[in-house]
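Working notes, structure below.
The values are calculated or read from the model by the stated rules, or taken from the named source; none is laboratory data. Since we're looking at a predicted model, the values are computed, not measured. Don't worry about glycine lacking a Cβ; one is built from the backbone with ideal geometry, like all the others, and counts go over all protein chains shown. These area figures cover heavy atoms from the full protein model, side chains too; ligands, DNA and RNA do not enter into them. Shrake-Rupley method; radii C 1.70, N 1.55, O 1.52, S 1.80 Å.
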Number of protein chains: 2
Amino acid sequence: MLSIALVHYPVVNKEGRVVTTSITNFDIHDIARAACTYGVARYYIVTPVELQRQYARRIITHWIEGSGAEHNPTRTEALTNVELMTDLAAVGEAIERDFGRPPLWVATSARPFANPIACGRLREMLGNDAEPVCLIFGTGSGLHAQIIEDADYVLEPIRGPRDYNHLSVRSAVSVYLDRLLSVESPAS
Amino acid sequence: MLSIALVHYPVVNKEGRVVTTSITNFDIHDIARAACTYGVARYYIVTPVELQRQYARRIITHWIEGSGAEHNPTRTEALTNVELMTDLAAVGEAIERDFGRPPLWVATSARPFANPIACGRLREMLGNDAEPVCLIFGTGSGLHAQIIEDADYVLEPIRGPRDYNHLSVRSAVSVYLDRLLSVESPAS
């Protein structure tokens, strides 16, 4: 049982300062569609800013109950498992309430950390389904160091053949979900 | 040598009708950043609409030469290999001019087609580097059937554990690039 949390505070900006980022429409949709494709249980959007949660709720409601539901039912389906949360503590409580146990927290980062967990290993753990897992993603230039320290694991960073690794958070979520939950194509 | 082409015409909409889609800002940035991360040679944005190409060129110029370059140099780097093209024929000519041979065309689709090429097989071919490869992505609800027919290969669709597979094109590009060009993390 995998959930994901997209954190808008506390995250850092390019200069390393702690900031609160804004929720973007593409983060809501792209990540919800990827989460739905890969069978993610819940997609938690985390921000302490009430106005931001209201903004996101309005978009989600449009697609679940409003005219959007008729216009594009695949969006409706994708957004059904999205929840708006004030902080990670609330995410932990929601997971414990809905899935019977607090989650194993796995932070993600583009930077290398000591002793990361490999995607293959986490994929195995998810296959065993012993406990709920929550993958934490940072917006802006990444998660605050405290979140990474507090996590049970840090996932290995995504690497291509070059030093450049500035994936959008939307891309990073998609790639990790594919590594953790993809199913082989019957024909391949 | 892998390039990617993002096609805005001819593509189909939800109802299967042939349409021209608009270039979106997130398609420019997210895909350019993924392409740069995975060492893609060129990212071609394909539309016959001159005004659309002008719009994209203005955005790209802002980040390469304008105030954006100072503000965020990683965007500058990502956008350096983006080219605007009228159609796939022009993409083929550009690849032949820059890389000495016309490309092997590999179409992508969320729907299953007979005899797809597996990602693992295409990864091997890219490792041998015998000829340039151009991966074709459709916006809207996917590539026109004629592009898929004309391609040398169709890549296996991305699958999760469910029937739902409505990834954004930004997610699909990221996942395929990871499958084809990722490098293992040293620590994993």
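Couple of notes before you dig in:
- Being buried (at least 17 other Cβ atoms within 10 Å of the Cβ), within 19 Å of A:Val40 (Cα to Cα) and within 12 Å of chain B (Cβ to nearest Cβ) is a condition met by at least one residue of region A:117-124.
- Of the listed requirements (1) part of a loop (DSSP other than H, G, I, E, B); (2) over 15 Å from the mean Cα position of the chain (by Cα); (3) away from every other protein chain (no Cβ under 11 Å); (4) buried (at least 16 other Cβ atoms within 10 Å of the Cβ), A:His166 misses just one: (3).
- Some residue of region B:135-144 being touching a helix residue (DSSP H, G or I) at 6+ places or on another chain (Cβ under 7 Å), facing chain A (nearest Cβ under 8 Å), open to solvent by less than 50 Å² (accessible area, probe 1.4 Å) and closer than 24 Å to A:His166 by Cα: no
- Scanning region B:87-98 for residues that are more than 17 Å from the chain's Cα centre (by Cα) and either touching a residue at least 40 places away in the same chain (Cβ under 8 Å) or surrounded by 18 or more Cβ atoms within 10 Å (Cβ to Cβ) (or both) returns a single hit, B:Asp98.
- Subset of region B:25-39 [among the hydrophobic types (A, V, I, L, M, F, W, C) and surrounded by fewer than 24 Cβ atoms within 10 Å (Cβ to Cβ)]: B:Phe26, B:Ile28
- Filtering region B:39-61 to residues that are over 13 Å from B:Val82 (Cα atoms) and of a type outside the set (A, V, I, L, M, F, W, C) leaves B:Thr47, B:Pro48, B:Glu50, B:Gln52, B:Gln54, B:Tyr55.
Results for (1) of a type outside the set (A, V, I, L, M); (2) closer than 15 Å to A:Tyr38 by Cα; (3) surrounded by fewer than 15 Cβ atoms within 10 Å (Cβ to Cβ); (4) within 8 Å of chain A (Cβ to nearest Cβ), shown as yes or no for each residue.
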residue: B:Ile148; (1), (2), (3), (4): no, no, no, no
residue: B:Tyr153; (1), (2), (3), (4): yes, no, no, no
residue: B:Glu156; (1), (2), (3), (4): yes, no, no, yes
residue: B:Gly160; (1), (2), (3), (4): yes, yes, no, yes
residue: B:Ser171; (1), (2), (3), (4): yes, yes, no, yes
residue: B:Ser174; (1), (2), (3), (4): yes, yes, no, yes
residue: B:Arg179; (1), (2), (3), (4): yes, no, no, yes
residue: B:Val183; (1), (2), (3), (4): no, no, yes, yes
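- Sub-9 Å Cβ pairs linking a first residue in region A:133-156 that is part of a helix (DSSP H, G or I) to a second residue that is surrounded by fewer than 23 Cβ atoms within 10 Å (Cβ to Cβ) and hydroxyl-bearing (Ser, Thr, Tyr), at least 6 apart or interchain, are A:Ile148/A:Ser109, ordered by first then second residue.
- Region A:42-71 residues that are open to solvent by 70 Å² or more (accessible area, probe 1.4 Å), paired with ones that are of a type outside the set (Ser, Thr, Tyr) and assigned to a helix (DSSP H, G or I) (beta carbon under 6 Å, 6 or more apart): A:His62/A:Gly68
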